[in-house]
Amino acid sequence: MITFAAGLALGLALAWLVWAVLGRRGGRPAVRGRERRAELPAAGLTAELLPEPALGWLLRSHGALGLWITELDPSEEGPRAERTVGEELAVAEIAAVDRRLERARDEEQSGSDRVADHTLVFRARAGVAVGMLLPGEPAAGTVAAAGCDLDRLLEAVRQRPRVVALAQAESREASLESVGSVGLRLAYQLERNLGGEVVVAVREPAGVRVVGISGRGDRRLLDAVLPAEAPLARVAAGEVAQTLVAGDPLGGVVADRRQRQGATLLVPIPAAGAAVGAVAVHLPTGQEPAGPARAELVEALANAGPRLARALEAERTRGAARVDPLTSLQNRRGLDEEMRAGRPGALIAADLDHLAQVNDALGHPAGDAALVHFSRLIREQVRAGDVAARIGGEEFAVWLPEASLELGLRIAERIRVKLGTTPWDWRGRPWPLTASFGVAASPETTRDPADLVAAAEGALALAKRRGRNRVEAAGPGQGENL
């Protein structure tokens, strides 16, 4: 239960965030240039913190072609990539902005760049990047004004994890804590006390999974399953005691992650006499915490351990029948339950192409890692409220409630492009990955929502027959009476 104090904090945060984006504009701004109809593939920022109208106003006030937010999200929902994009932009242009902002986010860059025939203004700090695409070559004053508003938006987005953490910290019901909320709060607490970025991982039947990232960390790591030989995984599994390591303690699970200088302290999280997980604390100076700082570290881990153990047990009990253990997406049963209400919407069916070749060339652990990589990209591209599922070996599905066929096709294409433009390698060996997609929607392609699965799978089969690495739409009536 969220207490009155937490609810008040959320309300104050909402008011502050809207002011941060629009404060100096004095209400809804006038539209510059012609009106632009924007669509939001990722369903906008969470309504309680950054209402979509504010983002739309900001976009229109600058006559911009698109507004981007990319962050390494520390919540249990996974990495977040959000856009308000006008219809003028091609998929390739959107993908180019995605890549530039990801680099800006990872390298904490701010400035402006040319993207195709347009100008991208961007700001980045502490795992968050925001960008605005302006048409052509705008005047210096226009770029400066956009940068000023982006500074405000960046700070607003960076405040979200703290507001969420405050609301969760106010909860008096420990049984309602999730694994992600405990991991988030522990990561932020340790970063605040020790001054370095923190990664929190827990031991699960499928392996050691990252469940918490502090504000300075790379939030693409969230939900990643670490290689068994990674130093952090070995400490979390109880194979190794506390240790100090150089290099990447996560075993290269995110290939292009920037490595920081200095050592990393790996410490087990204790619960009932055993390790329930471990933390990785980056030490820029290479000096282990001592005295009061050491005492705070020990106390924080001792407090978090039993709570993580309870949350893990509750998660296993609650989700075992509906969640795929490898990718943490819904399984077929979970997808069926979400679609059972018979609401209209779109369904994307997807297959990772030629997974057998990955298994044959690199081994089955590499195939599993490729599936986890694909599932992470799916989560980044879909909207809040959409349901992503792994329903077979290399078979995936995404349910988009209330979405049209056109929106389903756009989201499928963006997942396809993202997979093809995001490098993936296995232990230093690069390997190109592609996927095929079929999309059906009710009522456009089938009158009965119960026929959506068959229709989407029929379109997927067509995509495979036509050469793979493509998106196909189901035809009207396809899948009915099968």
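Over the stretch 332-473, what is the mean sequence separation of C-alpha contacts under 8 Å (at least six apart), divided by residue count, expressed as relative contact order in percent?
Computed value for the stretch 332-473: 31 percent relative contact order.
What ranking do K418, K464 get, fewest neighbouring Cβ atoms within 10 angstrom at the top?
Ordered by Cβ neighbours within 10 Å, fewest first: K464, K418.
If you place +1 on the Cβ of every Lys and Arg and -1 on the Cβ of every Asp and Glu, how big does the dipole about the Cα centre of the stretch 407-448 come out, in debye to the nearest 20?
The calculated dipole for the stretch 407-448 is roughly 220 debye.
Treating only the Cβ of Lys, Arg, Asp and Glu as charged (+1, +1, -1, -1), what charge dipole size does the stretch 332-473 show about its Cα centre? Round to the nearest 20 debye.
340 debye
Report D for the stretch 174-319 in µm² per second (integer): Stokes-Einstein, Kirkwood Rh on Cα pairs, 25 °C, 0.890 mPa s.
165 µm²/s
Sorted by average packing, counted as other Cβ atoms within 10 angstrom per residue and highest first, what order do 180-186, 214-220, 354-360 take?
180-186, 214-220, 354-360
Report, by chain and number, residues whose modeled amide H sits under 5 Å from the one on T119, excluding near sequence neighbours (fewer than 5 apart, same chain).
Answer set, sorted by chain and number: L134, G136.
Tell me which residues come under 5 Å, amide H to amide H, from G277 once H is placed; ignore anything under 5 positions away on its chain.
Amide H neighbours of G277, under 5 Å, 5+ apart: R203, I269.
What list do you get for E313, E457, E177 if you sort them by fewest beta carbons within 10 Å?
E313, E177, E457
Can you list the HN-Hα couplings for the stretch 119-133, worked out from phi with the Karplus curve (6.51, -1.76, 1.60; θ = phi - 60°), rounded to whole Hz and with x for Gly and Pro?
3J(HN,Hα) across the stretch 119-133, in whole Hz: 10, 9, 9, 9, 9, 8, 6, 6, x, 10, 10, 10, x, 10, 9.
Taking the Cα centre of the stretch 234-299 as the origin, how large is its charge dipole in debye, to the nearest 20, when only Lys and Arg (+1) and Asp and Glu (-1) carry charge on their Cβ atoms?
Numbers: 5 positive and 6 negative charges, 32 e Å.
Once rounded to the nearest 20, the dipole reads 160 debye.
Using Cα pairs under 8 angstrom and six or more residues apart, how large is the relative contact order of the stretch 386-467, in percent? Numbers along the way, then the final one.
Values: 86 pairs, mean separation 17.7, N = 82.
Normalised by residue count, the contact order of the stretch 386-467 is 22 percent.
What are the ³J(HN,Hα) values, in whole Hz, obtained from phi via the Karplus relation 6.51 cos²θ - 1.76 cosθ + 1.60 with θ = phi - 60°, for each residue of the stretch 100-111 in sequence order, with x given for Gly and Pro?
Per-residue couplings from phi come out as 5, 6, 4, 5, 4, 4, 5, 9, 6, 9, 9, x Hz.
Quick check for you: which residues of the stretch 200-227 have the amide N under 18 Å from the point 7 Å beyond the Cα of Q242 toward its beta carbon?
The answer is 200-201, whose backbone nitrogens lie closer than 18 Å to the label point.
Show me, for the stretch 269-279, the HN-Hα J-couplings you get by feeding each phi into the Karplus relation (A = 6.51, B = -1.76, C = 1.60, θ = phi - 60°), rounded to Hz, glycine and proline as x.
9, x, 7, 6, x, 9, 7, 8, x, 7, 10
Quick one: order L283, L347 by neighbouring beta-carbon count within 10 Å, fewest to most.
Exposure proxy ranking, most exposed first: L283, L347.
In whole angstrom, how far apart do the alpha carbon centroids of the stretch 184-214 and the stretch 117-134 sit?
28 Å
Note down the relative contact order for the stretch 174-319 as a percent, whole number, built from C-alpha pairs under 8 angstrom at least six residues apart.
On the way: 292 pairs, mean separation 36.3, N = 146.
About 25 percent, as a whole number.
How far apart, in nm, are two points set 7 Å out from the Cα along the Cα-to-Cβ line at T142 and at N303?
It works out to 5.2 nm between the two label points.
Which one, V398, A369, V471, is farthest towards the positive end of the dipole of the stretch 354-473 when Lys and Arg carry +1 and Asp and Glu -1 on their Cβ?
Towards the positive end, the residue furthest out is A369.
Distance in nm between label sites at D117 and T317, each 7 Å beyond Cα in the beta-carbon direction?
6.1 nm
Cα gyration tensor of the stretch 77-146, axes a ≥ b ≥ c as square roots of the eigenvalues: rounded (a/c below 1.5), prolate (a/b > b/c) or oblate?
oblate
Let a ≥ b ≥ c be the square roots of the eigenvalues of the Cα gyration tensor of the stretch 332-473; is it rounded (a/c under 1.5), or, if not, prolate (a/b larger than b/c) or oblate?
prolate
Any read-out appearing in this document is the output of simple, stated calculations on the displayed coordinates, not a laboratory observation. This structure is a prediction, so every number in the text was calculated from the model and none was measured. Reconstructed Cβ throughout: ideal geometry from the backbone, glycine too, with neighbour counts over all protein chains shown.
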